[in-house]
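Report on the following structure.
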Amino acid sequence: MFRCAWCMRKIAENQPLYAINVKFAEGIDNSDREGEIVQIYLSSRKTSVPMIVTTADSEAKKNGQDGLFTLCSRECGDKMKKSLEKEMDTFKSFSDAE
Ligand SMILES: [Zn+2]
């Protein structure tokens, strides 16, 4: 069961999922937690949000993505992206998942 990284609502399995891929900034490494859901602190929101760590052998990792935020809607995704723009110490880049 995934949770929306913005509003923390549970996302049902039959519900369409919106996701944002992220690449960590230099020096940030969560590779010992790959495949797990970790809590990432967002200083602009003063709270931690859940993020899935990309596994080393996944297609996403080959494309240079280190993690994935799951979101319940495009609206939450847009708010999340605005917030991520303020978190450049943690994230080098981010993009909509296909
Ligand atoms: Zn949401």
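The values are calculated or read from the model by the stated rules, or taken from the named source; none is laboratory data. Quantities reported herein were computed from a predicted structural model and do not represent experimental measurements. Every residue, glycine as well, gets a Cβ built from its backbone with ideal geometry; the counts of neighbours run over all protein chains shown.
Quick notes on this structure:
- The test for being of a type outside the set (S, T, N, Q), within 17 Å of Asp89 (Cα to Cα) and assigned to a loop (DSSP other than H, G, I, E, B) holds for Asp29.
- Considering residues of region 49-91 that are away from the ligand (no atom under 16 Å from the Cβ) and part of a helix (DSSP H, G or I) only, the residue nearest to Ile28 (Cα to Cα): Lys61
- Selection count, region 56-83, where residues are surrounded by 19 or more Cβ atoms within 10 Å (Cβ to Cβ) and either touching a Leu at 6+ places or on another chain (Cβ under 7 Å) or in contact (Cβ under 8 Å) with a residue 60 or more places away in the chain (or both): 7
- All conditions in (1) of a type in the set (S, T, N, Q); (2) at pLDDT 95 or above; (3) part of a loop (DSSP other than H, G, I, E, B) hold for Gln15, with the sole exception of (2).
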